[in-house]
Structures are given as C-alpha cells and as structure tokens.
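The structure under discussion appears below in the form of structure tokens.
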Amino acid sequence: MSRRLVPALAAGIGIAALVAPAGAAPKPVEKSFAVNIPVPLSGATSDPLAPVACSGESLPGSEHLETVKLTGPGTLKVDVTGFIGDWDIALQDAKGKRLAEGDNASVTPTNMSTGSVVEKLVYKAKKAGEVQIIVCNFLGGATGTGKYVFTAK
C-alpha cells in the first residue's frame, strides 16, 4: 500500500464512523389491559380513616394494579378510557411511594364520564425499576380499558 493511500483510507474510515447511525432507538414498550373495578370507593365507607383512593391500599375491589418494569430513564404514558363516572389513576414505586397522579379528567360533578373521557398520566422516569399503575373507581361503573407506553431515552 502506498504511503499516500494509508492516510486517505484512515480519513475515509473516520468520516464513515461519523456518518453511520449510532444504533436504532429502543422500541417503546406498550400494553393494553382490561380494567374491572366493581366497587366504587366513594360512599363505600363512612370511616374517615379509610384508605385514600388510588393509594394501592384501598377497599378491596375498588382498584386495579398494573405492574410495569421500566428498563431505564424514559417516559411512561398511561391512558384509561371507556369508563363511566369518575375514575382516577396514580403511579407508585415498588415501596408504595406516590410518584405521579392522573389529570383528574372527570372530577367535575356536571361532567361525569359517559365513556368518552380519557384519564391520563405522564411520568418521566430517572432510572430503571418496577412501578405500579393504580386505576381506581372513585364513583362510577365497573369496566374500562387501560393502556401504557414506556419510551426509553
């Protein structure tokens, strides 16, 4: 190989390395899940010390828990649709610490969901770990549909 060809070849390889993509972004993790919550929390007890809605420790039958394994930093988006009345969503870590709450889309008494309201939650994860989505029936019908999408950074 000539002495002039070696530097030209090295420069060409360096340029190709700069132009080549670093790798495809991780594919988002997506899941839909049916939600069946037959017991509305509101009015189910008159005990002022009863567990709070969407706490993960509420009345039996008033919440649905969905576990999600986050693979690292990224964004978790959760939607709950198709419910009647007032439902809420929250997110907690594996130790039960509250991380985020939904947007309370249907809490106005004059605007109870007739199945068209979307309850939403967005959480920006800083690290990998297991979290639980808590869907709770505050005052409404028994069924709905949940969906989450986790997009890693």
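The values are calculated or read from the model by the stated rules, or taken from the named source; none is laboratory data. This structure is a prediction, so every number in the text was calculated from the model and none was measured. Cβ atoms come from the backbone with ideal geometry, glycine included; neighbour counts cover every protein chain shown.
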Flagged in region 37-90 as hydrophobic (A, V, I, L, M, F, W, C), within 20 Å of the chain's Cα centre (by Cα), at pLDDT 65 or above and part of a loop (DSSP other than H, G, I, E, B), in numbering order, are Ile37, Cys54, Phe83
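Any residue that is within 10 Å of the chain's Cα centre (by Cα) and either touching a residue at least 24 places away in the same chain (Cβ under 8 Å) or not in a strand (DSSP E or B) (or both) - is there at least one of those in region 104-120? Please lay out each step first, then the result.
Step one: list which residues in region 104-120 are within 10 Å of the chain's Cα centre (by Cα), which gives 120.
From what is left, the residues that are either touching a residue at least 24 places away in the same chain (Cβ under 8 Å) or not in a strand (DSSP E or B) (or both) are 120.
The answer is yes; a qualifying residue exists.
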Qualifying residue in region 65-76 (condition: free of Cβ contacts under 8 Å to residues at least 60 places away in the same chain and surrounded by 13 or more Cβ atoms within 10 Å (Cβ to Cβ)):
no
Of the conditions (1) touching a residue at least 40 places away in the same chain (Cβ under 8 Å); (2) exposed (fewer than 15 other Cβ atoms within 10 Å of the Cβ); (3) not hydroxyl-bearing (Ser, Thr, Tyr), the single one that Val135 does not satisfy is (2)
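Determine, yes or no, whether Thr151 is surrounded by fewer than 22 Cβ atoms within 10 Å (Cβ to Cβ) and under 12 Å from the mean Cα position of the chain (by Cα). Give the derivation first.
Numbers: surrounded by fewer than 22 Cβ atoms within 10 Å (Cβ to Cβ): yes; under 12 Å from the mean Cα position of the chain (by Cα): yes.
So Thr151 fits the description; yes.
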